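Handing you this structure, nothing more for now.
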Amino acid sequence: MPETFQAPTGTRDVMPPESARWEALVSRFAAMADRAGYGLLLSPMFEDVGVFSRVGESTDVVRKEMYVFADRGGRSLALRPEGTAPVVRAYLQHRPPVPWKVWYAAPGFRYERPQAGRYRQHHQLGAEALGSADPDVDVEIISLAADLYAGLGLRRVLLLINSIGDAVCRPAYLAKLSAYLLDRQDSLCDEHRERAGENPLRVLDCKRKACREATRSAPHIIDHLCNRCAEHFERVQAGLGALRVTFAIEPRLVRGLDYYTRTTFEFQSTALESAQNGIGGGGRYDGLAELLGGPPTPGIGFGTGIERILLTCDAEAVFGAETTRALDVFVVDITGGAEARDLAALLRRAGISADRAFDGRSMKAQMKAADRSGAEFAVVVGSEELAARKVKVQPLRKEGSEHELVARADVVEHLRSRLP
Ligand code: HAM
């Protein structure tokens with residue numbers, strides 16, 4: 001026997017019926033993004049490695065987790081670990097008018113240690129707005145994510161926000177933080193004892209106990225913002241308040257990627273284990289376009305993991321499989337199959353979802369398949385119905401419902417009047 005294969009470690013197949021929830025989630029988000037003036041961006045799944053290495057040299061995502069490979073032409077490419085740098089690359093390449101507002105639903109690849117809610121291929125829904133520094137854009141982006149979670153029925157989601165300043169105020173703060181960390185260097189975790197100087201903000205983000213304790217009384221960047229950053233942060237808070245988006249300020253929130261300036265935020269689920277409780281996050285990246293060789297272009301966005309959202313929905317028992325639309329009709333034909341072929345096509349062309357059995361199965365087997373399909377109705381054709389040019393319409397979901405004999409010519413109209 002030839003060997004068989006499994007999906008690679010840290011990846012998984014999303015099969016029906018679970019995939020129906022994915023479809024429903026993506027189309028919900030698409031509709032919301034559309035209503036807010038965001039258009040769909042499809043960009044390549046791999047990019048020149050520089051697109052990512054330029055913006056994240058001191059982050060784990062880029063340094064340790066990126067899938068990098070050389071193609072047959074010797075180009076160094078990376079599977080994208082995240083969605084923001086590609087959006088900025090596309091913006092700089094095409095220079096569309098600003099504000100440029102786009103959304104995406106795309107896989108991200110990170111060589112992480114796989115566990116529930118943490119995969120080597122995960123999938124993000126995201127939105128990015130480029131070309132405006134207006135704090136109202138921050139509010140629009142954050143509330144888009146908050147409304148997505150609320151619309152799914154999630155209640156146990158915390159929104160944490162922070163500002164990490166800009167090129168004006170951050171250097172002085174970093175000097176202060178570095179001095180603080182240097183004084184406590186011996187108490188930091190193994191990794192940060194060596195590397196704290198490289199990017200001191202990373203230490204605030206470290207989840208290890210040693211670093212958490214050592215940084216308990218570290219200076220907070222929100223106490224060291226310049227006037228313009230402080231005013232920006234005030235206006236973001238006021239805007240969220242006006243839209244009744246509940247948030248808490250978390251002065252340690254710096255996020256795991258290097259490109260952020262000013263507003264950063266994260267949505268955490270209190271229904272999930274803490275290692276995977278980040279269901280979405282984002283922030284401003286006003287310096288990213290310049291890092292990628294373009295003109296100064298402010299931007300802000302968020303990304304939220306589809307797998308994590310669905311895990312949270314399971315934990316809160318909302319947005320289950322029953323929220324996805326089931327099949328309308330299953331055609332049962334015991335006259336040879338030609339009627340099933342023609343009726344299924346007729347119904348589908350009329351916008352009614354329909355399935356059927358193949359291979360000339362028995363009446364019993366076809367009725368069983370109809371039940372299993374979750375369809376609302378079976379449309380049954382036996383030899384009597386065929387001779388009388390009629391079909392039998394049998395409700396499948398309501399206990400004890402009687403069937404009705406309907407003229408074949410009227411079947412579409414009849415079903416339309418009875419389907420929800
Ligand atoms: P991130 O926080 O690295 O940010 O990822 C965003 C979301 O993707 C996380 O909150 C989580 O739900 C999901 N996620 C990340 N890695 C994994 C994984 N290995 N397995 C499962 N889910 C995962 C970004 O990627 C930024 N690009 C967000 C952003 C957009 N910032 C500005 N615009």
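For region 239-251, state whether one or more residues are within 8 Å of the ligand (Cβ to nearest atom), of a type outside the set (Gly, Ala, Ser) and closer than 23 Å to residue 101 by Cα.
no
Another question about this same structure. With respect to residue 208, is the statement that it is touching a residue at least 60 places away in the same chain (Cβ under 8 Å), away from the ligand (no atom under 15 Å from the Cβ), open to solvent by 40 Å² or more (accessible area, probe 1.4 Å) and not polar (S, T, N, Q) true?
no
Considering only helices (runs of 4 or more DSSP H) fully contained in region 348-420, which possess at least 1 residues that are over 12 Å from residue 332 (Cβ atoms) and at pLDDT 95 or above?
Counting at least 1 such residues, we get 383-388, 411-418.
Given the structure, is residue 135 more than 12 Å from the ligand (Cβ to nearest atom), open to solvent by less than 20 Å² (accessible area, probe 1.4 Å) and over 18 Å from residue 68 (Cβ atoms)?
In short, yes.
More than 16 Å from the ligand (Cβ to nearest atom), assigned to a loop (DSSP other than H, G, I, E, B) and open to solvent by less than 10 Å² (accessible area, probe 1.4 Å) - does that describe any residue in region 291-303?
Looking for residues that are more than 16 Å from the ligand (Cβ to nearest atom), assigned to a loop (DSSP other than H, G, I, E, B) and open to solvent by less than 10 Å² (accessible area, probe 1.4 Å), one finds none in region 291-303, hence no.
Continuing with this model, one more query. Give me the pairs: first residue in region 182-198 and among the hydroxyl-bearing types (Ser, Thr, Tyr), second residue open to solvent by less than 70 Å² (accessible area, probe 1.4 Å), beta-carbon distance under 7 Å, and six or more apart or on different chains, which are they?
Pairs found: 187/210; 187/214.
Still on this structure, I have one more. Looking at region 231-249, can you tell me whether even one residue there is more than 22 Å from residue 157 (Cα to Cα), of a type in the set (D, E, K, R), touching an Asp or Glu at 6+ places or on another chain (Cβ under 8 Å) and assigned to a helix (DSSP H, G or I)?
For region 231-249, residues more than 22 Å from residue 157 (Cα to Cα), of a type in the set (D, E, K, R), touching an Asp or Glu at 6+ places or on another chain (Cβ under 8 Å) and assigned to a helix (DSSP H, G or I): present.
Here's something else I'd like to know. So residue 346 passes all but one of these: (1) under 30 Å from residue 101 (Cβ atoms); (2) over 19 Å from the mean Cα position of the chain (by Cα). Which condition number does it fail?
(1)
Right, here's the next one. Looking at 118, 72, which one is open to solvent by 50 Å² or more (accessible area, probe 1.4 Å), within 14 Å of the ligand (Cβ to nearest atom) and either over 16 Å from residue 282 (Cα atoms) or in contact (Cβ under 8 Å) with a residue 12 or more places away in the chain (or both)?
None of the others qualify; the one that does is 118.
Same structure again: Testing residue 106 on (1) more than 9 Å from the ligand (Cβ to nearest atom); (2) under 26 Å from residue 275 (Cα atoms); (3) open to solvent by 40 Å² or more (accessible area, probe 1.4 Å), one condition comes back false. Which one is that?
(3)
Let me ask another. In region 26-36, is there at least one residue being without any contact (Cβ under 8 Å) to a residue 40 or more places away in the chain, small (Gly, Ala, Ser), more than 13 Å from the ligand (Cβ to nearest atom) and farther than 27 Å from residue 295 by Cα?
Yes, that holds for at least one residue.
Mind telling me which of the residues 65, 57, 23 ends up being over 26 Å from residue 257 (Cα atoms) and touching a residue at least 24 places away in the same chain (Cβ under 8 Å)?
Result of the check over 65, 57, 23: 23.
Looking at region 153-171, is at least one residue closer than 29 Å to residue 218 by Cα, within 12 Å of the ligand (Cβ to nearest atom), touching a residue at least 60 places away in the same chain (Cβ under 8 Å) and among the β-branched types (Val, Ile, Thr)?
yes
Scan region 211-224 residue by residue and report those that are aliphatic (A, V, I, L, M) and either without any contact (Cβ under 8 Å) to a residue 12 or more places away in the chain or open to solvent by 30 Å² or more (accessible area, probe 1.4 Å) (or both).
Hit for region 211-224 is 222, nothing else.
Restricting attention to region 261-288, report how many residues are outside any strand (DSSP E or B), in contact with a Gly (Cβ under 9 Å, 6 or more places away or on another chain) and farther than 16 Å from residue 314 by Cα.
Final tally of qualifying residues: 4.
Also: Take region 52-69 and flag every residue that is within 17 Å of residue 299 (Cβ to Cβ) and open to solvent by less than 30 Å² (accessible area, probe 1.4 Å).
Across region 52-69, the qualifying residues are 52, 55, 56.
Moving to a separate point now. Please tell me if residue 285 is assigned by TED's automatic domain parsing to the domain that holds residue 155, out of contact with any Leu (no Cβ under 8 Å at 6 or more places or on another chain), of a type outside the set (D, E, K, R) and surrounded by 21 or more Cβ atoms within 10 Å (Cβ to Cβ).
Yes.
If I go through region 273-287 residue by residue, how many of them are hydrophobic (A, V, I, L, M, F, W, C) and near the ligand (Cβ under 9 Å from one of its atoms)?
1
The values are calculated or read from the model by the stated rules, or taken from the named source; none is laboratory data. Bear in mind that the values here come from a model prediction, so they are computed numbers and not experimental data. For neighbour counting, all protein chains shown are included, and Cβ atoms are generated from backbone atoms with ideal geometry for every residue, glycine included. In case anyone asks, the SASA skips ligands and DNA or RNA and just uses the protein heavy atoms, side chains included. Shrake-Rupley method; radii C 1.70, N 1.55, O 1.52, S 1.80 Å.
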